[in-house]
Amino acid sequence: MNQMTDNAVYAGGFSNPPVASAHAFRAAMNAMARPGMVQEITGATPPEGISLAAGSLLLTLCDPETGVFLAPDVDSDALRGWLTFHTGAPIVAAEEADFALGGWDALMPLDRFPIGTAEYPDRSTTLIVEVAGFDAPNATLSGPGIKDTAQIALPDPAACAGNAMLYPLGVDFFFTSGTQVAALPRSTQIRAEA
Amino acid sequence: MSDYNFAYLDEQTKRMIRRAILKGLAVPGYQVPFASREMPMPYGWGTGGVQVSAATLTPEDTFKVIDQGADDTTNAVSIRKFFERTAGVATTEETEKASVIQTRHRIPEAELTEDQILVYQVPIPEPLRFLEPRETETRKMHALQEYGLMHVKLYEDISQHGAIATSYAYPVKVSDRYVMDPSPIPKFDNPKMEMAAIQLFGAGREQRIYAVPPYTSVVSLDFEDYPFEASKADHPCDLCAAEDSYLDEVILDDAGNRMFVCSDTDYCRSRREAGHVGRLGEEAAA
Amino acid sequence: MYVAVKGGERAIDNAHAWLAEERRGDTSVAELSLVQIREQLALAVNRVMAEGSLFDPDLAALAIKQSRGDLIEAIFLIRAYRTTLPRFGYTLPVDTGAMACDRRISATFKDAPGGQVLGPTFDYTHRLLDFKLAAEGEAAEAPTSAPRTEPTPHITEFLQGEDIIEREPMSEAQPGDLTREPMAFPADRSVRLQSLTRGDEGFILGMAYSTQRGYARNHAFVGELRIGTVAVEMEIPELGFAIKIGEVELTECETVNQFKGSKTVPPQFTRGYGLVFGQSERKSIAMALVDRALRWKELGEDNLGAAAQDEEFVLSHSDNIQATGFLEHIKLPHYVDFQSELELVRKLRREAAEAVEQMAAKEAAE
Ligand SMILES: [Zn+2]
């Protein structure tokens, strides 16, 4: 590794890990508890091409005990080095992933990720999906965490609805863009908007 | 602050707990196993709640701890001091001012808001445990949604006593899927569980975390002909005259005279400050 | 007049101060030093290290002093401290075959390479109070001989030659770690062994004893019991080889147990295994017996319904820190729950009385 990549690898971590990760986790928890509601999340500066939100989630949630799958569109030596240095998380195949990072198309097909078992539905992947933004909602959400309904922009509402059909099995999603995050747990009912 | 890490736990432990909390929120009412750590207080004394709070608190939070509804019970004091020392967070006894509330056995009377998090200490997280002691069996029962045994138990109560003889830790069904133990709160509190705040449950010794997101349906199990009833002592509070709060019964003297007072000490205090006076309120104020 | 129970904070502070005073006892008596505890109450130190899952005799001595000799409380202190320690890495498995043995006995062979070494044992002492100790007499010096330099082979290796005992296949599988992953059932043997070695000595002893009395009897012989120190080594990636980072004292017990054989396996001996920090002989033998009892499924034996065969029962109840915490928590206030029970019982009694009255009225009318 040359000097430049070395620096990139070591930089961009949480400046005060206990506090930064507490803040980032609060945002992640609020997102997961309130599907579709966008939260601000910062703290990490991941290698170029990865959103601050996705980087902050990775630093908050990943460590040597969690396998991370990097979809081809985000996979790079720089990201691998950064993730390994800051979290120690092993890079694994989609079929073994606790977390997966990438754009929607690069992450697909969805059915290769663990969805948990009937006795342990928690043994499933959490996908961190990089999206362009949250400005054009195309789906209406209802279910736990949502007072009446919520709106969200989903890359593929039908695929997400299919995931919800597996409940209580299924994967859970974080959608990240810039410094923003929204979540879609498997418990959410999805209606695509015309 | 002390030499320990912020909020005592090391970062890796917090990550493990945080992952469990997120899965718990994604599957409401399902008990997520987590590798509970040994805490500097005994198992059974709130180690699950303490671990969940430690993984949840930020330095900006205002923390409230109640035990039996009261802020000044010894175990509540002990846990509050623990976080004052290890997390340096502000603490309060006022429900409205708290952003994170850790509780043992009660839900505050004041309605909680979207900006609040309620952390429950849970001794036995498995609602089916007293019907079936084996984890391997109860896990299957949850997987298959096989809750008949629970209904049989409740119905046996009815045939024997004419009423459901469960008065606390009364089982609920969450989001129409998982039967969940609400922790040993009186069944009076059950209807409050459909709330705006995030509810997190930590069982340290049993190594389980579960959660109820805001606005999630939480239904107390019952029967059409024997509907669930959120009962309490049929008295007003003797200090603040509240008719809608859960009451503690206090024995006053050798003659067995009693009084009833709000178990939620902050609720009672705020009512008295607002001028409400109960049967013995004047006397107590004197 | 009613005065709410206030002042929890002051009550706690006062209780702590009183406790500290009681812990010290009569100040005209010299205070115990940690080295005195470490050197003279070594078996208590060993138990605290074993069940506390932390090999550090000085910290264990401190915990014993702080806990006023309540060993479960001391174990609790060590466990709570252990939780806060960062994990730098993992050592290589220790090689008990290379143990420098202080004690090594076999109940299955009269003699074997390495010999029978009694070591510092209570076994053949007459349990008579030694009043010389009360007079603080100097201990007599024990005779010594040159230590054995070659390794002491395991007794079971001699049986393995004949294939008359089950083989323990080498495995590269990562052992489980119940301090990192929550216990799930069925638990594999590595997790069971970890749970047993951390488990309460009294509980494991009782479980083992129950197998001897016929609750899933497994006919155990102490094939070998050895106590001594082993080197702890760690692979250092930067160096590319392992270096010795310290030594720990261990007690290892291998039992040789009967096995009738099954459809696919001819009759052969089987094993139970115990390995415990420090000189912890009773614990390691008990552990081996319970380990063997828990192996009924993998050996194709019958479930006799005995407690010691019940993995979920044994592993869920062996941890004394979990057990004591939950047991003692019932002294915490439960008045909210009690109040709800009180109201329920009053209501049920009222309804029952009304029913009786109605019945009586009905009978009188007839
Ligand atoms: Zn009141």
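I'm checking my understanding of the structure. Among residues of the range A:107-124 that are open to solvent by 60 Å² or more (accessible area, probe 1.4 Å) and within 14 Å of another protein chain (Cβ to nearest Cβ), which one is nearest to B:THR138 (Cα to Cα)?
A:GLU119
Answer yes or no: is there a residue in the range C:291-310 that is among the acidic types (Asp, Glu) and within 14 Å of chain B (Cβ to nearest Cβ).
Looking through the range C:291-310, at least one residue is among the acidic types (Asp, Glu) and within 14 Å of chain B (Cβ to nearest Cβ).
A quick yes/no check of all residues on (1) open to solvent by less than 30 Å² (accessible area, probe 1.4 Å); (2) within 14 Å of chain B (Cβ to nearest Cβ):
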position	(1), (2)
A:LEU101	yes, no
A:ASP105	no, no
A:THR126	yes, yes
A:ALA136	no, no
A:THR140	yes, no
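Looking at B:SER231, B:SER175 in this structure, which one is within 14 Å of chain A (Cβ to nearest Cβ), more than 16 Å from the ligand (Cβ to nearest atom) and open to solvent by 10 Å² or more (accessible area, probe 1.4 Å)?
Result of the check over B:SER231, B:SER175: B:SER175.
Just the residues that are touching a Ser or Thr at 6+ places or on another chain (Cβ under 6 Å) and open to solvent by less than 10 Å² (accessible area, probe 1.4 Å), please, taken from the range B:38-60.
Hit for the range B:38-60 is B:MET39, nothing else.
With the requirement that a residue be touching a residue at least 24 places away in the same chain (Cβ under 8 Å) and within 14 Å of chain B (Cβ to nearest Cβ), what does the range A:142-162 give you?
A:SER142, A:GLY143, A:PRO144, A:GLY145, A:ILE146, A:ALA150, A:CYS160
Is it true that B:ALA26 is more than 8 Å from chain C (Cβ to nearest Cβ), more than 24 Å from B:VAL179 (Cβ to Cβ) and either touching a Pro at 6+ places or on another chain (Cβ under 9 Å) or surrounded by fewer than 22 Cβ atoms within 10 Å (Cβ to Cβ) (or both)?
no
Among the residues of the range B:203-225, which ones are part of a strand (DSSP E or B) and either away from chain A (no Cβ under 14 Å) or at positive phi (or both)?
Of everything in the range B:203-225, those that are part of a strand (DSSP E or B) and either away from chain A (no Cβ under 14 Å) or at positive phi (or both) turn out to be B:ALA203, B:SER220.
Mind checking which residues of the range B:248-268 are within 8 Å of the ligand (Cβ to nearest atom) and without any contact (Cβ under 8 Å) to a residue 40 or more places away in the chain?
B:VAL261, B:CYS268
Name every residue in the range B:182-202 that is more than 8 Å from every other protein chain (Cβ to nearest Cβ), hydrophobic (A, V, I, L, M, F, W, C), buried (at least 24 other Cβ atoms within 10 Å of the Cβ) and within 30 Å of B:GLU156 (Cα to Cα), in order of residue number.
Residue satisfying the conditions is B:PHE201 alone.
Just for the range B:234-252: of the residues that are facing another protein chain (nearest Cβ under 10 Å) and either under 20 Å from the mean Cα position of the chain (by Cα) or open to solvent by less than 80 Å² (accessible area, probe 1.4 Å) (or both), which one is farthest from B:GLU109 (Cα to Cα)?
B:LEU252
Please work out if B:ARG258 is among the basic types (Lys, Arg) and more than 26 Å from A:PRO168 (Cα to Cα).
Answer is yes for this residue.
With B:ARG15, B:ARG80 as the choices, which residue is closer than 29 Å to B:LEU247 by Cα, more than 8 Å from chain C (Cβ to nearest Cβ), open to solvent by 10 Å² or more (accessible area, probe 1.4 Å) and of a type in the set (Lys, Arg)?
Residue meeting the stated conditions: B:ARG80.
Which numbered condition trips up B:GLU224, out of (1) more than 16 Å from the ligand (Cβ to nearest atom); (2) within 20 Å of B:ARG106 (Cα to Cα)?
Just one mismatch for B:GLU224, condition (2).
The values are calculated or read from the model by the stated rules, or taken from the named source; none is laboratory data. Keep in mind the model is a prediction, meaning the values are calculated, not measured. Every residue, glycine as well, gets a Cβ built from its backbone with ideal geometry; the counts of neighbours run over all protein chains shown. Remember, those area values only see protein heavy atoms, side chains included, never the ligands or the DNA or RNA. Shrake-Rupley method; radii C 1.70, N 1.55, O 1.52, S 1.80 Å.
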